[in-house]
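Here, each number is a calculation from the coordinates, and none is a lab measurement. Just so we're clear, the structure is a prediction, and the values are computed from it rather than from any experiment. Every residue, glycine as well, gets a Cβ built from its backbone with ideal geometry; the counts of neighbours run over all protein chains shown.
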Amino acid sequence: MENVVLIVHLILALALIGAVLMQRSEGGGLGMGGGGGTSGRSAATAMGKLTWILAIAFICTSISLTIIAAQKSAGGSVIDRLGDITAPASAEEESNPDALLPPAEGDNAPLVPSAD
C-alpha cells in the first residue's frame with residue numbers, strides 16, 4: 001500500500017511541476033512592476049484549476065504517507081532499538097566474539113570458525 005501511494009505521490013509531484021511551468025506568466029514577478037490597471041482576480045483558467053486539483057491531491061498523498069509511516073514506527077524510538085542491535089544473539093557469540101568478524105581480505109575461510 002505504501003509503495004502505491006508513494007508512486008502516485010511522485011507522479012503527482014511531476015505533474016504539478018509540469019502544470020506550474022506550463023501556466024502563462026502574469027508578469028510583475030512577486031508583485032513588483034507597474035500596475036496593470038486591473039483590479040480583482042482574473043478568471044480561473046483550466047490550467048489554474050488543474051494546478052489546484054494536483055496540489056490538493058499532492059497534499060493528500062503527503063498526509064497519507066505520513067500516517068502510514070507513523071503506523072509503521074510502532075511508537076518506539078531509534079535509541080530504544082539500539083539495545084537490540086548491540087546485544088549478542090546467543091551465548092555462543094558472547095563466548096566467542098571473533099565469530100562475528102568477517103574473514104580477512106584474501107582469506108577464503110568460512111564465516112563460521114570450525115570447532116578444532
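Couple of notes before you dig in:
- Gain on full stretching of the segment that runs from I7 to S25 - 0.36 nm per residue minus C-alpha separation: 3.5 nm
- With neighbour counts taken as other beta-carbon atoms within 10 Å, the residues E2, E26 rank, fewest first, as E26, E2.
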